[in-house]
Amino acid sequence: MTAERVNRGTTRREILRLGTGAAGAALAVAAIPGAAQALAAKRGYQLQGPGTSADRINGMRNQMAAVPLETKKLRDNLQVIYNGAGNVVLLTGSDGKLISDTSVLPNAPKLLAQLAAIDSAPLKLVVNTHWHFDHTDGNDAMHNAGATIIAHENTLKRLSTRQEIKGFGLTFDPAPVGAWPRTTFSDKAALYFGSENVHLGYIQPAHTDSDIYVHFEKANVIHGGDVFFAGRYPFIDASTGGSINGMIAGADKLIAMAGADTVVVPGHGPVGDRGTLTTYRDMMVTVRDRVRAQKTAGKTLEEVVAAKLTADFDAAWGGSMVSPELFTTVVYTTL
């Protein structure tokens, strides 16, 4: 089967409730002391945990699925569904339902039940913000429920071939064909769904090479996917094109789109606004500049990690499974 291609221009409780997903669920990383973690990362990010890659992925799925789904209203016809994986945004209207991201596979029945409990309108469209499994694992179930899947062309490329996230030593076999996007785009696309104008736009490689934003124009809501992690250090997947400079540029792009009253939904964490997004961007810029200065001066990765350059940010941003050491390592190695 092939996808239709469209090109239209150019406290612990909160962590468990909101989750950190594939990009943040570094189950093995959290248990590795900083120095050992940095050394492991220098050898290619092979931060291995017990069991096979498939075992660890299933363990992550089950941990994320243990977090109850929680729905919060954003605007009259828009809701965010928090869960242990990536945040799901739901649009309801006269054309049925559209969701942005699909969580992990064990959550699919719960997500479908949650959608059905809202009203009887069918699920028509799924938009993926990027390829990672904590945002696309439920695609096949949503496709089987009647939804058409839309994403950037690189999401199709990643889901249809074997992938590796070296940061966690994880390998992913191709997703089921039903999970593949049927409609893809390279730069921008527009969807007119019910009374809402939904704009999709590519974000040059940031968290991955498949990131997009989903802009609900009339409702004034942006889903930024994993270009935006709220209240936690982000993971950057260098294996599929991510970099710290790309993340900063991606955050700048979202900031430029947002107005004073825009609701900005992150890939993980509570919803925010232009101010919280700007604070997040500023944190990344400061850490990037500190690490870059040390790297330019000839400091090794081990020395930079040991210098604890994020110390003044750790209380506010270090409360997830992406540790300060891992964040520093990823910044250093993607500069």
- [ ] At 0.36 nm per residue, minus the direct Cα-Cα distance, what do N220 and T296 gain on full extension? Give it in nm, one decimal, please.
- [x] 23.2 nm
TODO: Take each of the peptides 312-319, 122-129, 298-305, average the number of other beta-carbon atoms within 10 Å over its residues, and list them starting from the highest.
DONE: 122-129, 298-305, 312-319
Open item on the list: What's the magnitude of the charge dipole for the chain around its Cα centre, counting Lys and Arg as +1 and Asp and Glu as -1 at the beta-carbon? Answer in Debye, nearest 20.
Closed with: 300
Task: Taking the stretch 66-113 and dividing mean pair separation by its residue count, relative contact order in percent (alpha carbons under 8 Å, at least six apart) - done: 25
Open item on the list: As a quick test, which of the pairs K73/K218; K73/K124; K110/K218; K110/K253; K72/K97 have an alpha carbon distance above 26 angstrom in this structure?
Closed with: K110/K218; K110/K253
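Would you please name the chymotrypsin sites (Phe, Trp or Tyr not before Pro) within the stretch 188-249 that are DSSP coil residues with at most 16 other C-beta atoms within 10 Å of their C-beta? Walk me through the numbers on the way to the answer.
Working: sites: Y192, F193, Y202, Y213, F216, F228, F229, F235; in loops: F228, F235.
Here no chymotrypsin sites (Phe, Trp or Tyr not before Pro) fit, given the DSSP loop and packing criteria.
Roughly what % of DSSP beta bridges within the stretch 4-334 run antiparallel, to the nearest 5?
Bridges in the stretch 4-334 that DSSP calls antiparallel: roughly 65 percent.
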Open item on the list: Give me the extension gain from V177 to A316: residue separation times 0.36 nm, minus the current Cα-Cα distance, reported in nm with one decimal.
Closed with: 46.0 nm
Task: More than 31 angstrom apart: percent of Cα pairs within the stretch 4-334 - done: 25
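What chymotrypsin sites (Phe, Trp or Tyr not before Pro) in the stretch 55-154 are in a loop by DSSP, with at most 16 other Cβ atoms within 10 Å of the Cβ? Provide the component values of the computation, followed by the final result.
On the way: sites: Y82, W131, F133; in loops: W131.
Answer in residue order: no site qualifies.
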- [ ] Using Cα positions and a limit of under 29 Å, work out the lysines in reach of K299, with same-chain residues fewer than 8 apart set aside.
- [x] K42, K166, K308
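Each value in this text was obtained by applying a stated rule to the coordinates, not by laboratory testing. Small disclaimer: the values here were computed from a predicted structure and weren't measured. Glycine gets a Cβ as well: all are built from the backbone with ideal geometry, and neighbour counts include every protein chain shown.
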